[in-house]
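Only the coordinates and a few stated rules stand behind these numbers; no lab work does. The structure presented is a predicted model; accordingly, all values stated were derived computationally and were not measured. Using ideal geometry, Cβ is built from the backbone for each residue, glycine included, and neighbour counts are taken over all protein chains shown.
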């Protein structure tokens, strides 16, 4: 299996406080890998390292075999798209938000393209002219994912995008992730707090704690973890 | 004004002190310090200005303007301490504003080439630039903190640092310029400007006082816009590193 992203002994610290320690591992091309772990495990930091919003203090990250430092930051971020946890919207309509990635490149998104994107994430064309402030949490997340897809990323990073959603919306987003993975062949790395989601949607899972990978492998590992800490985490004894 | 008249003017100092004492405002000490400081500072400035005007030396003019810029920079930088290299950014901005405005004034013979004009006008430009720099930095830092998510969003979508900070920059520039523009809209209707009032009291013709006041108002518009725009564009770059990562607050 080819590595879409390869971490080699990656270390990241802020003010000498280690956030990630000696991370080594691969995210496989075309697969959905879920990242789980208690708060403060360093999951979001790890995602930000993947699309160059942060750089490691030591160690190397390779994207499709090429050192991340050899990528132009703008090109890298278009290639490795990221949907942020809070799904921030710029002021204005849904269309304005969808058009943003191309707008940043001095190009225009046609209304038809925007409608197709909305359809891909399960929203109707009528949402195009809706003010982004009027969207529900689930709708915001869908628009946020659609907006990230405008750049046609090969790798998609999703940061706890279902954490504040009701069960119906969570299920819709799960289906959407599977659809994007299968329809576009996009490699997906998804931080989730919901272990059931991690098992059903993810092919692979990394369990992180205090900046380290404690256990990794097929997502089924969460059903019978080998590591005692992971067992405790799965039982809900660690937050 | 005679020295006796000046002494009588201290009645206006006694009134706030008595009021503070009567209503337990606790402002007597601060008021007294402010009065003593203003008396000393203004008399010192008065004598220094007399010396500089009499000497007609360009070196003293440069020295006076230099002191103004240093004092204004040191005062304004406190508001932007979180921005890397803010001291030199403010200093460069104020120097640029001063050079630009004086070049136009002197180059087009709008004002005479004497210390009597150069120093007071420089004081107004630098002082106004300082206030604008403080207003701008206050707002820019607040906007940057409040919209960190948006900055990160645009970077994550492949935007450049300039695109990521554009809204915050423009909002801050506009917000800090509004007081200058708004106060000019009501000038003469709500209040007579201090400089114009001073000239009229000193016996100048009101029409001539108005002409000079208009000149100052136009200069202040330039000082305000150049200060905000230049400081903004100098400041935002240091919030990002060469890998186009937001390093602000980290």
For A:127, B:96, order by how many other beta-carbon atoms lie within 10 Å, fewest first: B:96, A:127
Whether the range A:11-91 is rounded, prolate or oblate, judged on the alpha carbon gyration tensor where a/c under 1.5 counts as rounded: rounded
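Please compute the volume of the convex hull spanned by the alpha-carbon atoms of the range B:22-81 and report it per residue in Å³.
Details: hull volume 5.5 nm³, N = 60.
Output value, Cα hull per residue: 92 Å³.
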Share, in percent, of DSSP beta bridges within the protein assembly as shown that are antiparallel, nearest 5: 55
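Averaged over peptide B:144-157, how many Cβ atoms belonging to another chain are found within 10 Å of each residue's Cβ?
6
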Histogram of C-alpha separations across the range B:1-55, 5 Å bin width, %: 4, 17, 17, 21, 15, 11, 7, 4, 2, 1
Burial ordering of A:96, A:66, B:89, fewest other beta-carbon atoms within 10 Å first: A:66, A:96, B:89
Helix A:137-149 vs. chain A, principal-axis angle (Cα, 0 to 90°, nearest 10): 90
Residue of B:123, B:194, B:80 that the Gaussian network model of chain B assigns the largest fluctuation, springs spanning Cα pairs under 10 Å: B:194
DSSP beta bridges in the range A:53-202 [antiparallel fraction, %, rounded to 5]: 25
Mean separation of Cα contacts under 8 Å (6+ apart) over length of the range A:1-140, as relative contact order %: 20
Debye-sum result for chain A in log10 I(q)/I(0), which assumes one identical scatterer on each alpha carbon, at q = 0.11, 0.13 Å⁻¹: -0.56, -0.78
Angle in degrees between helix B:115-146 and the longest Cα principal axis of chain B, rounded to the nearest 10: 40
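Where both partners of a DSSP beta bridge lie in the range A:154-239, what percent of those bridges are antiparallel, to the nearest 5? Could you put the intermediate results ahead of the total?
Details: 6 of 11 bridges.
Among the beta bridges of the range A:154-239, antiparallel pairing accounts for roughly 55 percent.
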Cα-based helix-to-principal-axis angle, A:167-184 vs chain A, degrees rounded to 10: 90
Three principal axis lengths of the range B:101-167 [C-alpha, angstrom, descending]: 55, 22, 11
Distribution of pairwise C-alpha distances over the protein assembly as shown, 10 Å bins, in %: 4, 15, 21, 18, 13, 11, 11, 6, 2, 0
Order of A:171, A:223 under a 10 Å beta carbon neighbour criterion, fewest first: A:223, A:171
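What's the FRET efficiency of residue A:164 with residue B:48 using the Cβ-Cβ distance as r and R₀ = 51 Å, to the nearest 0.05? Spell out each step's value before the answer.
Working: r = 63 Å, r/R0 = 1.24.
For residue A:164 and residue B:48, the calculated efficiency is 0.20.
Once you have a ≥ b ≥ c as the square roots of the Cα gyration tensor eigenvalues for the range B:31-152, tell me rounded if a/c is under 1.5, and otherwise prolate or oblate according to whether a/b is larger than b/c.
Working: a/c = 2.94, a/b = 1.60, b/c = 1.84.
The shape class here is oblate.
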Potential extension, residue B:59-residue B:32 segment - 0.36 nm per residue separation minus Cα distance: 6.2 nm
